[in-house]
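S.K.: Below you'll find the structure I mean.
The values are calculated or read from the model by the stated rules, or taken from the named source; none is laboratory data. Quantities reported herein were computed from a predicted structural model and do not represent experimental measurements. Note that each Cβ is placed from the backbone with ideal geometry, even for glycine, and that neighbours are counted across all protein chains shown.
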Amino acid sequence: MGLHKAKKIRMKNQNLYKMRNICVSGGPGAKKSLKEYILKSTDACTLKKMKIHPTVNQLIKWFDTKKRDLPWRAEPRIPYRVWISEIMLQQSQVHTVIGYYHRWINRFPDLRDLATATLDEVLKTWEGLGYYCRARNLYKSAQILMERYEGHIPEKSRELSKLPGIGPYTAAAIASLCFGEQIVTVDGNVRRIIARVFAIDKVIGRKDVERLLAPFYIGQPAGRLNEALMELGALCCKPAQPLCSDCPIRHICLAWKRGSVEQFPATAKRKHIPHLKRFGYLVLQGNTIFLRKRPLNEMLGGLWGIPLSEEEPPSPFDAEQAILPEVRHTYTHFRITVQPIVIKPSKMKNRSILKMGKFIPLEEVPSLALSGLDHKILSTLETYLKGFPWENSQLDSEKEER
Ligand code: SF4
């Protein structure tokens, strides 16, 4: 290479690093610089240095030998099953999802089975996995697919993302894995890999990641490469203590080369999580317990539960009471401590409370869909009553959401 050309490349790289440093500093012009940095990072000169094609080939080869044998990866891919697995994986770990996935497929083997079930059955099958809005959205989507798409899952990501609960990532994953659409999937794993490979310690948006990844996808089946990147994020480029010595793309990873992997990716500041305190009313009458079915527009909508109140009894009940041990539970946006109180009313002072729910025989309670918090509260009642037919075996998840 001539001296002039080498000097030009050196200057170009120096400018690139200068720009990167401005983005990292977060000072004035940082946002503009990040954009420029990303544009320049993917220019021909930089990409040539990154040896795009050999890198992609190495990654695919690694994926073919190291990938986990997961039930939803069985070939040929069945779009319904891929959809279910992608929704389950949105907020749950693979090892948790596997059992739920089998249970779901046994109960609802195809779209028609899901669409014709009741919401109670759907929630019961999902029970314990948390984030119940995912189950409600699956159910809603199944009905839309039966009504408007003749029971078929759309092939294009644009069409898929019109369904409830399907965002850009899930739509791209289903479309690329099942229907060969050339589209990049960007999840937390992929963002982390990109932040490390390009040493960007600012929070980067989906569009920026797509832009940086675009050259890697040229001439490659997107589905396979998407899956290889996700697997790399799960097995090697993990959030903590990444296994760089096993990484098939470490030769292009700036963070690894500089020994600064733990600095990436940049994390957004943690928000303060509020802590709520409530009383849980375990109202018993004979062999029945008073439960409330939460309205669909409420958190944990469609699930049965113990009535909670900010106020300590005296309640609408004239009653004998017993205080049980406190129960703690963590949701994504808040923590809650519940003080369960057993109430055996001799007479109801306020009968309007009955409109909130109904008395259910104790032996029927285990067949209802209940949240993790309610499972915990009912466990304390089981200990108190001894002989109450309660099983708490389904509770796997600590975190739940709407
Ligand atoms: S070398 Fe390490 S930090 Fe870089 S992509 Fe691989 S696992 Fe991630």
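S.K.: Looking at segment 177-208 only, could you name the residues that are crowded, with 20+ Cβ neighbours inside 10 Å, within 19 Å of the chain's Cα centre (by Cα) and away from the ligand (no atom under 16 Å from the Cβ)?
M.R.: Those that are crowded, with 20+ Cβ neighbours inside 10 Å, within 19 Å of the chain's Cα centre (by Cα) and away from the ligand (no atom under 16 Å from the Cβ): LEU177, VAL184, THR185.
S.K.: Sort out which residues of segment 209-240 are without any contact (Cβ under 8 Å) to a residue 60 or more places away in the chain and near the ligand (Cβ under 10 Å from one of its atoms), and write them in order of number.
M.R.: Within segment 209-240, GLY233, CYS236, CYS237, LYS238 meet the criteria.
For (1) under 30 Å from LYS140 (Cβ atoms); (2) among the polar types (S, T, N, Q); (3) assigned by TED's automatic domain parsing to the domain that holds THR55, each residue gets a yes or a no:
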| residue | (1), (2), (3) |
| --- | --- |
| LEU232 | no, no, yes |
| ALA240 | no, no, yes |
| HIS251 | no, no, yes |
| GLN285 | no, yes, no |
| GLU310 | no, no, no |
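S.K.: Can you tell me which residues in segment 242-293 are within 16 Å of the ligand (Cβ to nearest atom), over 25 Å from the mean Cα position of the chain (by Cα) and among the charged types (D, E, K, R)?
M.R.: Listed by number, the residues that qualify are ASP246, ARG250, LYS257, ARG258.
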